[in-house]
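Colleague: Mind having a look at this structure? Questions to follow.
The values are calculated or read from the model by the stated rules, or taken from the named source; none is laboratory data. Worth saying up front: this structure is predicted, and the values here are computed from it rather than measured. As a convention, Cβ positions derive from the backbone with ideal geometry for all residues, glycine included, and neighbour counts pool all protein chains shown.
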Amino acid sequence: MRNAVKIGHFIATTDNAAAIGEKPQDVVFASDTLTAYLTARVTFLEQLAANAIPKHILLANFSGDASWSRYVAGLEQVFEEVGLHCPPVTGSSESNMPTLQSGLSVTMLGEMQHRTSFEREKLSWYTYGVPLVGQEVLEQSADVAQLQPIYRAWCEEIVQQVWPVGSQGLQAEFSRLFGQQPLKSSLDVEKSAGPCAVIVLGINPQKEHFAQKYFTRNFEKLCKTALE
């Protein structure tokens with residue numbers, strides 16, 4: 001598993017955001033709903049990476065009581081986008097001490113799904129999306145990897161492996177997936193991908209021709225000779 005922990009029968013994934021939101025001293029201004037959406041988006045993708053579907057959400061809200069409902073709306077947006085009912089949301093808000101900057105953490109507990117086993121070396125590997133961080137995510141939202149096609153292709157097992165790329169960038173994830181083998185990409189492999197703006201996808205070679213109908217933008221195959 002990638003950034004996931006197995007706890008009993010559940011898979012736990014988590015992500016957080018700080019100094020992003022609606023408070024005057026936030027570094028990046030974004031609505032609380034959008035901030036929660038982007039944070040939950042990462043957490044949801046980590047669930048798919050572990051072959052799990054979220055069944056419960058824990059929300060830690062450090063921005064004050066007023067932000068709670070807006071954060072929950074952002075969580076719900078993730079599940080609306082992929083066509084799932086949002087799991088129950090529980091957690092707490094910091095209400096005793098007013099904070100100068102926004103902060104939240106989203107943890108999802110998911111159940112493992114029965115899926116066809118695969119050998120990583122036999123998959124066809126692609127990048128989907130463009131590395132973006134901070135204000136770029138808001139200004140170039142069309143270049144951010146979209147959840148709906150990822151989830152649908154994952155359900156149909158066209159996508160066998162979801163591998164989100166975060167702040168460490170593509171090169172760090174290439175190393176985790178493929179060791180020290182050099183890979184060529186037209187993307188900036190050293191740049192942070194922020195809230196998983198780009199995803200590495202392992203595609204079932206027998207269903208590879210179906211992938212193009214789901215991923216119509218910023219979908220690039222990794223050089224096969226680099227993987228040999």
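Colleague: State which residue is modelled with the highest pLDDT when the search covers only segment 168-212 and only residues that are surrounded by fewer than 16 Cβ atoms within 10 Å (Cβ to Cβ) and basic (Lys, Arg).
Modeller: Checked segment 168-212; the qualifying residue modelled with the highest pLDDT is 207.
Colleague: Same structure, new question: Please work out if residue 98 is farther than 20 Å from residue 133 by Cβ, in contact (Cβ under 8 Å) with a residue 24 or more places away in the chain and more than 16 Å from the chain's Cα centre (by Cα). Full working, then the answer.
Modeller: On the way: farther than 20 Å from residue 133 by Cβ: yes; in contact (Cβ under 8 Å) with a residue 24 or more places away in the chain: yes; more than 16 Å from the chain's Cα centre (by Cα): yes.
So residue 98 fits the description; yes.
Colleague: Right, next: Within segment 96-116, which residues are closer than 10 Å to residue 62 by Cβ, modelled with pLDDT of 95 or more and assigned to a loop (DSSP other than H, G, I, E, B)?
Modeller: So in segment 96-116, the residues closer than 10 Å to residue 62 by Cβ come out as 97, 99, 101-105.
So of that shortlist, the ones also modelled with pLDDT of 95 or more come out as 99, 101-105.
Passing the criteria: 99, 101, 102.
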